[in-house]
1. Computed FRET efficiency, Cβ-Cβ of Gln342 and Glu368, R0 30 Å: what is it to the nearest 0.05?
2. Once you have the Cα-Cα distance between His82 and Val144, take 0.36 nm times their residue separation minus that, and quote the gain in nm to one decimal.
3. With a sphere of radius 15 Å drawn around the Cβ of Ile115, what net charge do the other residues whose Cβ falls strictly inside it have (Lys, Arg +1; Asp, Glu -1)?
4. Show me, for segment 336-352, the HN-Hα J-couplings you get by feeding each phi into the Karplus relation (A = 6.51, B = -1.76, C = 1.60, θ = phi - 60°), rounded to Hz, glycine and proline as x.
5. Hey, which of these cross-link pairs are over 29 Å Cα-Cα: Lys261/Lys345; Lys281/Lys395; Lys345/Lys390; Lys328/Lys437?
6. Run the simple label-point estimate for Phe12 and Ala137 please: 7 Å along Cα→C-beta, distance reported in nm.
7. Pairs to check: Lys10/Lys122; Lys310/Lys394; Lys242/Lys310. Give those whose C-alpha atoms are more than 28 Å from each other in this structure.
8. What FRET efficiency, computed as 1/(1 + (r/R0)^6) with R0 = 35 Å and r the Cβ-Cβ distance, is obtained for Asn195 and Asp246, rounded to the nearest 0.05?
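We did not get these values from a lab; they are worked out from the coordinates using the rules stated. Predicted model, so just to flag it, every value in this text is computed and none were measured. Reconstructed Cβ throughout: ideal geometry from the backbone, glycine too, with neighbour counts over all protein chains shown.
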Amino acid sequence: MQYVSSKNKKVFHPLLFSIFPILYIFTLNIDSLNPEEVILPIILVPIVSIGLWSLLSLILKNKYKAGMIISIGIILFFSYGHIHNILIDSEVTEDFSRHRYLVIPFVSIFLITTIYFVKTQKLLNNATTITNGISIALILMTLVNISSFAFTDTSMTLENESIFLPMTNTDSLPNVYYIFLDAYAGESVLNSVHNFDNSDFLKELELKDFQILDDANTNYAVTTHVMSSVLNMQYINEIGTKLGKDSKNVHPLYDLIENNKVMKDFKSMGYEIIVLGSSHKFSTDISVADEILCISNDPINSEFNINLIKTSILKPIYSMLFETHRDKILCSLSELPNVHNQFEKPIFVFSHLLLPHSPFIFGPNGEERISKTIEVTDEWKAQGYVDQVKFTNKKMLEFLESIPMDDQDPIIIIMGDHGTGATADINSDSKLIERMKILYALRLPNSNVDLPDDMTPVNTFRLIFNEYFGSDYEYLENNSYLSSHDWPYNFTNLNKNN
């Protein structure tokens, strides 16, 4: 047999295979991820891959063999997490889905193929051509999906009343704290689902002049929906109407949070807008903010990079990245009691605390939970959730003890965005109750207003602006809409079903 020389054959599949997992993860999450987060991995991963390919080419003195080995290594490296997820969701035994067992076939396949390509005498012409072609097809597939999304118009606004807020002497304005506690369920859910009695904490809040709605419902079951709704004092259903109920694009909600009406109105009255950064970019990068505290400069610990690592063979150790997440929470908790000392103007403080939401990395007193099994999970029945409720309660009471309560008593909103999801059947009444019941506590000093029993978060700042700043907002009907992360605009009005 006569072999055709492969001397001039181009080898570029290692480069394209190193880019593909990044673009693929981005396309899967394009409706919610910030494109800026792709920049670092799409530079770093190809550089590492090409570096390894060049080094192996020198060792083997054959760039074609080296290219096949590196490409197979990349495929195995970035497919591990996907296979692990499939096994977890399937009926296989728990032992087989454990990392200690699953890593064996991946390493074995890599070693066997490496030995084969090192020893083979074939010139790998056809293999290189085919592999190049496959890598090109995969990249083109992702680029088509990205391009179609890029040309989608996501610039949307909510229709809102233009209410005149009179300028007031800033010396007499109260500080306002909006503390957004992620996944803090209502008292009845904590009792019935999580076997935790939260009454001691609620009594402490009442002693500090909080009004607590015992049976409060949220307006939405998803964080972005609640946050954009509350901060714009409007339901966001019209965004879903414009995009369609099959849309998964939540970037318009990010825009509503970034340019929200509540903070703009407070700023127009002379307030200093302070944002305490969270692990989520959408609740940190607020354009109207005067100061954003607790920002992490660590580019590795982005939401996208965590998703990328979770799909790779590094998944067993990705929980190490939670250290930055922990640091951000602790930073916000340490800033909350002291932020009033840093500014002369009245302040509006917004803090999105990823508590008591998973990952469950805090013990009841804030001690670090070190566990090889820590995952960002919906296993809400874990003791970790109750521990983080206890820790959240502890830090909220410390905060309330530290801020001054004088003639300019602060307005304080401590609010969960949604409940938990421990009940298996999503369509059951117990599941709906669990997801929609929240902690909802307002401190309204020097006011005789009694909160309506059915009040929901969307009316929070309508009430505050009316009561303290002379506005005349009409209150919206209190409705609760169920949707999911997978179908964010496929709303079910739970009030209509009652």
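1. The computed FRET efficiency comes out at 0.60.
2. So the extension gain works out to 20.1 nm.
3. +3
4. 3, x, 10, 5, 5, 7, 8, 9, 7, 6, x, 10, 10, 10, 10, 10, 8
5. Going by Cα-Cα distance, Lys345/Lys390 fall outside the 29 Å limit.
6. 1.8
7. Lys310/Lys394; Lys242/Lys310
8. Details: r = 39 Å, r/R0 = 1.10.
For Asn195 and Asp246, the calculated efficiency is 0.35.
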